[in-house]
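The values are calculated or read from the model by the stated rules, or taken from the named source; none is laboratory data. Everything quoted here is computed from the prediction, not taken from an experiment. Backbone-built Cβ (ideal geometry, glycine too); neighbour counts: all protein chains shown. The area values use the complete protein model at the heavy-atom level, side chains included, leaving out ligands, DNA and RNA. Shrake-Rupley method; radii C 1.70, N 1.55, O 1.52, S 1.80 Å.
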Protein chains: 2
Amino acid sequence: MKPISPPQSLMELTADRIREAIIVGELQLGSKVSEQRLADALSISRSPVREALALLQIEGLVRIFPKRGTFVFTPDEKTVLDLCDHRVCLESACLQMALDRAPDTLLGGMRQAMEDMHKAIRAKDAAAYALADMRFHRAIVTSSGNLSMARVYGSTIGPLMALRTHLFTEMHADNQISMDQHAALLAACEAGDIQQGQAIIERHVRMLADHYRRSRESAVQPPQSPVT
Amino acid sequence: MKPISPPQSLMELTADRIREAIIVGELQLGSKVSEQRLADALSISRSPVREALALLQIEGLVRIFPKRGTFVFTPDEKTVLDLCDHRVCLESACLQMALDRAPDTLLGGMRQAMEDMHKAIRAKDAAAYALADMRFHRAIVTSSGNLSMARVYGSTIGPLMALRTHLFTEMHADNQISMDQHAALLAACEAGDIQQGQAIIERHVRMLADHYRRSRESAVQPPQSPVT
DNA sequence: AACATAAATCTGCCATGGTAGATACAGGTA
DNA sequence: TACCTGTATCTACCATGGCAGATTTATGTT
């Protein structure tokens, strides 16, 4: 995937750390996140923290208000629905390309991710499940060989979807349905049935959207930003 | 589009400045771009320059090699083809959504852009034509109402496509073909024929890709990076 | 002359300081 | 009590310094 990465910069490590903290709920949605506090907590300077936050804003996980502060992004309903449409669009197109160009890579990535999802379920680790889920779908996009789509998916759609996934995998323990859908998608790919695979993707994402909608109906709305 | 922007940060201004310099060729493709030199040239500090470069890397205009330097990205053939596929994917999906949800907005935006394209052709203004062309396609994406897709299209695909456009902007004399395709797409939208519209988008982008390929066959290849 | 090696320089990366702007709070007035 | 205002504090933003890694150049050996 990445040809060169071992000398990972502190900024990237920090971004990874903060992203994970947001996804697993360590940093609450809508909460203010200060450069200084994060730097102190990680025992580093404010510079890499600042750059990491800028990156996370591009990814959509935080929102930076100039001279006011950085806040963990709370996705509203329209944002999630837009994201779902976007995701279906990219995944469907990439599924076709991946099956055409690199079916073995695609199937291998899917199977590996499903292994991890099984492990996460057995360990009842919601966060690990969310991450494995993300890897499953990321495999579709990366196997397409289209770097432009892969970058967008990995840097703007994946993290936000993982955030949303984690939000209700804790309360709804029906990972089984999700697992069945992933298995069905894998089977369709093994059979080379693109249309069937695309239909499953569509249904899967729609189900996620419905889950999100219902989980929000019975939840309080944290303040998104100091001003509207 | 942007609700708040007046107090634009120096980092954003710097990013805009560098982006324009790259697109118009002021900074040569493949050339090394130093934080220190840019900061000196703009009479500012290295901090905002560094953050701006990070942003431009996300957009795909530059490539940052850790501890080695930042280089203006030279799109190779695969990159452009990937970008074209990505563009077709987004535009096709957005066309459907726009016709479903806001056909009047879509048709209005298309007609306005076609007006501008006609004017540009009569005035033989290639740059104005390119901008109107971009607005035409952007109308499709924005009319879809999907903010996630619109952001990606505007911030990731747009700049790189503009760069590509500039690369062979001198030679394209067949704006008439392009105009005919846009007119055909508008007609298909007026008739509500989504499939026909999507087919036209596909053909249009393929034509652009062919243009690019031919323009590269008779051009030298600047070095992309110090190492492979 | 060709190559290997080592010193010097260049450059990005992270740490820290100063400043301006925004928010929060306290005190005073209607 | 409610509202306005002035002050204090907080925080992001930009400037600058020190350091480490990488590239280039110079030098000595074969």
Does any residue of segment A:38-56 turn out to be surrounded by fewer than 16 Cβ atoms within 10 Å (Cβ to Cβ) and away from DNA strand C (no atom under 13 Å from the Cβ)?
no
If you scan segment B:50-101, which residues turn out to be within 16 Å of DNA strand D (Cβ to nearest atom) and small (Gly, Ala, Ser)?
B:Ala52, B:Ala54, B:Gly69
Quick one: is A:Lys67 within 13 Å of DNA strand C (Cβ to nearest atom) and either within 18 Å of A:Ser9 (Cα to Cα) or over 25 Å from the mean Cα position of the chain (by Cα) (or both)?
yes
Checked pairs for segment A:22-48, first basic (Lys, Arg), second more than 10 Å from DNA strand C (Cβ to nearest atom), C-beta under 9 Å and 6 or more apart or across chains, list as A:Lys32/A:Thr70; A:Lys32/A:Phe71; A:Lys32/A:Val72; A:Arg46/A:Leu38
Starting from residues that are within 14 Å of chain B (Cβ to nearest Cβ) and farther than 14 Å from A:Cys89 by Cβ, keep the ones in segment A:122-149 and report whichever is surrounded by the fewest Cβ atoms within 10 Å (Cβ to Cβ).
A:Leu147
Residue hits (segment A:88-121; more than 14 Å from chain B (Cβ to nearest Cβ), closer than 18 Å to A:His204 by Cβ and not β-branched (Val, Ile, Thr)) are A:Leu99, A:Leu106, A:Leu107, A:Gly109, A:Met110, A:Arg111, A:Ala113, A:Met114, A:Asp116, A:Met117, A:His118, A:Ala120
Among the residues of segment A:68-84, how many are within 10 Å of chain B (Cβ to nearest Cβ), open to solvent by 30 Å² or more (accessible area, probe 1.4 Å) and in contact with a Ser or Thr (Cβ under 9 Å, 6 or more places away or on another chain)?
1
The lone exception for B:Tyr129 - which of (1) more than 22 Å from A:Pro48 (Cα to Cα); (2) within 16 Å of DNA strand D (Cβ to nearest atom) it fails
(2)
Output the residues belonging to segment A:85-121 that are aliphatic (A, V, I, L, M) and open to solvent by 50 Å² or more (accessible area, probe 1.4 Å).
A:Ile121
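With away from DNA strand C (no atom under 13 Å from the Cβ), touching a Ser or Thr at 6+ places or on another chain (Cβ under 7 Å) and either basic (Lys, Arg) or at positive phi (or both) as the only criterion, which of A:Gly109, A:Gly25, A:Gly60 stands out?
Criteria check complete, one pass: A:Gly60.
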Is it the case that some residue within segment B:156-178 is modelled with pLDDT of 80 or more, open to solvent by less than 30 Å² (accessible area, probe 1.4 Å) and more than 19 Å from the chain's Cα centre (by Cα)?
no
Unmet criterion (only one of (1) within 14 Å of another protein chain (Cβ to nearest Cβ); (2) polar (S, T, N, Q); (3) within 15 Å of DNA strand C (Cβ to nearest atom)) for A:Ser31
(1)
